[in-house]
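Rule-based calculations on the coordinates, nothing more; no lab input. These numbers come from a predicted model, not from an experiment. When we count neighbours, we look across all protein chains shown, and the Cβ atoms used for this are built from the backbone with ideal geometry, even at glycine.
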């Protein structure tokens, strides 16, 4: 363990698996106290167990950021547990069933925007509210290279939601840097998680597809995304405001 985030309190939404879990583990390994939030208790408990087994400190908080009251409660309970909220990482998000724009199911569209866009808004709203009243802080949102940087056939709903997350994040960064709240985002491309695996695809088939689709020749590792998030949240990035750090192995280069 290192001490870059010693005495810092961090809230990570969507922390029960994948990128969110890797981010929570990385913060804890650098000395942070981590509140891991999500809808399902069991995967959050697994993340907390991994952190504690490595000597870190963490707590699991169940909640749904699509409910503004829940988003506010996650902030409040983080502060109650750890005495502060210094860093927030908004990673909670969902993918949509593939299909062309004209065939998008309206309920699926609403579900996607409720989580990816409105959930990010509610989370930031309450995080910023606490931080600006308590000396500031840092927020990092997780978007995607699909959106502002790239489009994909059949993924229009998801692409649109992530473009909105990017615009929302950068707008918030301008609005609140004067309050001492520094906000940035990362936009990963294909990452070695279940979300990047196609239906019925084996790991070997996925690896071959990544060689063909990604200039670096592979999917990203969750630890690589976590490292970028920690940099943006750290004092070393103190002059970085409203940045959109694309991590996609050269796909959009």
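How many angstrom separate the Cα center of segment 203-253 from the Cα center of segment 34-79?
Between the Cα centre of segment 203-253 and that of segment 34-79, the gap is 25 Å.
Pairing the Cα long axis of helix 203-213 with the longest principal axis of the chain, what angle in degrees results, from 0 to 90 and rounded to the nearest 10?
80
Specify the residue with the greatest mean-square fluctuation among 144, 196, 187, computed from a Gaussian network of the chain linking alpha-carbon atoms under 10 Å apart.
196
Taking a virtual spin label 7 Å from the Cα of residue 236 along the C-beta vector, which residues in segment 180-220 bring their backbone nitrogen under 16 Å of it?
No residues fall inside that zone.
For a quick protection proxy, order the peptides 234-242, 133-141 by their average other-Cβ count within 10 Å, most packed first.
For the peptides 234-242, 133-141, the packing ranking is 133-141, 234-242.
Taking the chain as a Gaussian network, Cα atoms linked when under 10 Å apart, which of 70, 103, 179 shows the biggest mean-square fluctuation?
Largest GNM mean-square fluctuation: 103.
For the chain, report the translational diffusion coefficient in µm²/s to the nearest whole number, using Stokes-Einstein at 4 °C, 1.567 mPa s, and a Kirkwood Rh over Cα pairs.
Details: Rh = 18.2 Å.
Here the translational diffusion coefficient equals 71 µm²/s.
Looking at the chain as a GNM with Cα springs under 10 Å, which of 53, 151, 21 has the largest mean-square fluctuation?
So, out of 53, 151, 21, the one fluctuating most is 53.
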